[in-house]
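Reading through the structure tokens given below for one structure.
The values are calculated or read from the model by the stated rules, or taken from the named source; none is laboratory data. In this text, all values refer to a predicted model and were calculated from it rather than measured experimentally. Ideal geometry is used to build each Cβ from the backbone, glycine not excepted, and the neighbour counts take in all protein chains shown.
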């Protein structure tokens, strides 16, 4: 009985992809729907997204961001205004061709992203330097007609936020672009206990229409990269394509500068694959919808449920649930492990007699005997400790799975044999990126902000003079 | 200068429809987009929706509701499973026929509402009485291909929440249906200062596929009705159409019972049309994104901006903004009136000398001189008073615009001459509803819960024996 919930989870070491889909299904985060490639986000999954949304939204607003809502549809002619952008997105959008009983005169795409719609708005609203900057964001769903899909990681519809800002100068746009990347990196560290690498994308990996794309890259348990948030500086390219102009203090017309930045439900995939283990989810305490589950032992005995209720009252600063269902304690323990609640508290007749309870943390399974009247202080410290330990373990994994390569043979050998990222020099040409991808399936993840070492003088691939240190990896 | 912002607002008495569109545009709540019939919700409008969402979501969760997210698309075959439902919605949906570069094998509609998707989920997830009830809700956008559109009131895409619950018994479903209608009515009263009439829809006005539809109806300034929230009991009709069955404690298979209920961005239209006046928006304090605006007078004089800042600090329990832009005070006053901030505080050199400030409420324009060290207590009481007064004024308007009719001539005369609702008896036949609509453009708003008086023995229209007292009105 105790094992029932977990007996069907594939071992992580055996088949990581299968382990992942087992977890999302059995922890009831998502379900498949009748619409191929679209997912149903169930209560346990959506509660994670609500916590992510609340915290990110708070951090955005602290930097002066305002929320808006733009239409779901983009007319074909509007999508086509910026050349690189339409080339990047047109092949993967869904098209509405009929409204009500009549065919449309112009087909509409379901937004894959909303740069073009924001440009259309800014063209109407931005005329003077007094109208700048505008720091807008929206929470919405977008659609990209992907061929192969995986829960949270790649689906035809997903939830996200997309920030879109417009500024008088390039420097101000650049500052906003980097600021939002840092908001994402700090959020991942402080709230999700996920270390990320911040860096710049190569031209090949840039967003369609961007001048610069910055990224945070996280490393999953299997050594693969997950691009977890991106921030784009568009320069004045979109403004020129859409004819957005403003009169500056000098009384002359100028094109303004734009940015966009986004984080999606994909980040839930990162939580699962960075922290999860063979028994199920392991949720970082700050994002966990239930932080503590109280499991009464011999709950039919007098006083047990009352004591569990009192414990809950004492823990009013936390998100706590009492599991008083008629399942066995063993079943409840394995359910807590599967669902990844950061800690459980066991309380039975003997504990009550001793004025104690037993606390078990999810991440390490360590047990503590705690006096009932000290439980709130204890849990406050414990949840902080769990967060920090989870972050440190993830960071250690990242550091230990990072290799240097100075020759192409070495590079290919590591990529072939060891999961993780490889640090190697690159000449700056897309041909080398293409060849590396063909040879190893690895892609350039980023040119890191914080790591400027020189590993060799020449490009790992072609041998020409090196321009950049790049982190390479296989990616989701 | 002072009049600049408001000079172009059409007078309410002159042309109510034009007054309405002037307000939504000039208070910067929405903007039109390149997509016909779809609106852009701008920061001032979206902040209203965020406050509505936060408060409703809290009230839902108190009743045990959990949030989920369902796909944006519904395959044609799924939409067609429930006969009445597809008849009601198919003529007004948008169809996706192409995904990426290829035509779809089955066309997908953009959800106009999600009953069919929830049934598809419940069919997979509900097997035993242990799986019941499920009380799910989602916040999302839906699309209905309307021919004529108006900001907030009727648009091709709008934001809403749709609750979908499933229960073991009819009675439990009925209890949930009424419970959510009451949540809506209480929310309108407590949070938006809008009185509503709760009642049951006639068969003609019911939701497509529902056994019973309950509604809250609000009365706008012009005497027209706005259906502001609905709650539907589906009985087991959808469960039968979708083959949803569960094993009860008696070990036999049964069809479960379902409900759905929704409130949309339409409710923002009600806020405007119930409370607004000829100077602009009048926002109820609880939903107002800015509750108090502080306007410094002679702000360049020493100490004025500091005093405004101190006032803001003293009012930390409220949503406060200091308007220190370089506009004139007169301009700022008229902007506060246009945007509907519930109160403004004026503070200048003489006020500071006297240790005072001037408070002006938006709804009545009444002025108060208040000691600076009493401002927080004063504003707390004043905002409560504004809320209560706004509610009472709206209620008085509703009561004074409600007429009784005992004969059809009387009915037509009132409908023709007086804005408002008419109470009149009805036989229960749709033919009479159709004739009344043809003769007067009025529709049956509801069979009220709380008003069981008998005005006459016979139907106002056909003279046959009367079955119900009905509230009739012209509606948005």
Options B:140, B:188: the member that is more than 14 Å from every other protein chain (Cβ to nearest Cβ) and within 20 Å of residue B:56 (Cβ to Cβ): B:188
Taking segment B:97-117 as the region of interest, how many residues are within 7 Å of chain A (Cβ to nearest Cβ), surrounded by fewer than 23 Cβ atoms within 10 Å (Cβ to Cβ) and outside any loop (DSSP other than H, G, I, E, B)? 2
Positions within segment A:397-435 being at positive phi and surrounded by fewer than 20 Cβ atoms within 10 Å (Cβ to Cβ), in sequence order: A:428
Which numbered condition residue B:268 fails, given (1) free of Cβ contacts under 8 Å to residues at least 24 places away in the same chain; (2) closer than 26 Å to residue B:57 by Cβ: (1)
Which of the residues belonging to segment A:195-205 are under 19 Å from residue A:397 (Cβ atoms) and either in a helix (DSSP H, G or I) or touching a helix residue (DSSP H, G or I) at 6+ places or on another chain (Cβ under 6 Å) (or both)? A:195, A:196, A:198
Report whether or not residue A:69 is in contact with a strand residue (DSSP E or B) (Cβ under 9 Å, 6 or more places away or on another chain) and in contact (Cβ under 8 Å) with a residue 60 or more places away in the chain. yes
Tally time: how many residues in segment A:49-73 are farther than 30 Å from residue A:203 by Cβ and either more than 20 Å from the chain's Cα centre (by Cα) or within 11 Å of chain B (Cβ to nearest Cβ) (or both)? 15
Checked against (1) more than 22 Å from residue B:216 (Cα to Cα); (2) at pLDDT 95 or above; (3) out of contact with any strand residue (DSSP E or B) (no Cβ under 7 Å at 6 or more places or on another chain), residue B:187 satisfies every condition except (1)
Do the conditions hold for residue A:192, that is, is it under 24 Å from residue A:29 (Cβ atoms), surrounded by 20 or more Cβ atoms within 10 Å (Cβ to Cβ) and either in contact with a helix residue (DSSP H, G or I) (Cβ under 9 Å, 6 or more places away or on another chain) or assigned by TED's automatic domain parsing to the domain that holds residue A:37 (or both)? yes
Given the condition within 22 Å of residue B:26 (Cβ to Cβ) and touching a strand residue (DSSP E or B) at 6+ places or on another chain (Cβ under 8 Å), answer yes or no: does some residue in segment B:296-307 qualify? no
Within segment A:245-275, tally of residues that are in a loop (DSSP other than H, G, I, E, B) and either crowded, with 23+ Cβ neighbours inside 10 Å or in contact with a strand residue (DSSP E or B) (Cβ under 6 Å, 6 or more places away or on another chain) (or both): 4
Selection from segment B:120-133 of residues that are surrounded by 20 or more Cβ atoms within 10 Å (Cβ to Cβ) and either over 25 Å from residue B:237 (Cα atoms) or facing chain A (nearest Cβ under 10 Å) (or both): B:120, B:121
Scan segment B:152-166 and give yes if some residue there is out of contact with any helix residue (DSSP H, G or I) (no Cβ under 7 Å at 6 or more places or on another chain), without any contact (Cβ under 8 Å) to a residue 40 or more places away in the chain and either in a loop (DSSP other than H, G, I, E, B) or surrounded by 22 or more Cβ atoms within 10 Å (Cβ to Cβ) (or both), otherwise no. no
For segment B:309-341, the count of residues that are within 28 Å of residue B:276 (Cβ to Cβ), without any contact (Cβ under 8 Å) to a residue 40 or more places away in the chain and in a helix (DSSP H, G or I) equals 3
Counting only residues in segment B:30-42 that are touching a helix residue (DSSP H, G or I) at 6+ places or on another chain (Cβ under 7 Å) and in contact (Cβ under 8 Å) with a residue 24 or more places away in the chain, the one nearest to the other protein chains (Cβ to nearest Cβ) is identified as B:41
On the basis of being surrounded by fewer than 17 Cβ atoms within 10 Å (Cβ to Cβ), within 12 Å of residue A:35 (Cα to Cα) and more than 10 Å from every other protein chain (Cβ to nearest Cβ), does residue B:76 make the cut? yes
Sort out which residues of segment A:79-96 are more than 26 Å from residue B:41 (Cβ to Cβ) and either more than 9 Å from chain B (Cβ to nearest Cβ) or assigned to a strand (DSSP E or B) (or both), and write them in order of number. A:83, A:84, A:87, A:88
Which residue pairs have Cβ atoms closer than 7 Å, lie 6 or more positions apart in sequence or on different chains, and pair a first residue in segment A:43-66 that is within 16 Å of residue B:66 (Cα to Cα) with a second residue that is modelled with pLDDT under 95 and in a helix (DSSP H, G or I)? none
If you go through segment B:4-27 one residue at a time, do you hit one that is within 13 Å of chain A (Cβ to nearest Cβ) and touching a helix residue (DSSP H, G or I) at 6+ places or on another chain (Cβ under 6 Å)? no
Conditions (1) more than 30 Å from residue A:172 (Cβ to Cβ); (2) assigned to a helix (DSSP H, G or I): number failed by residue A:286: (2)
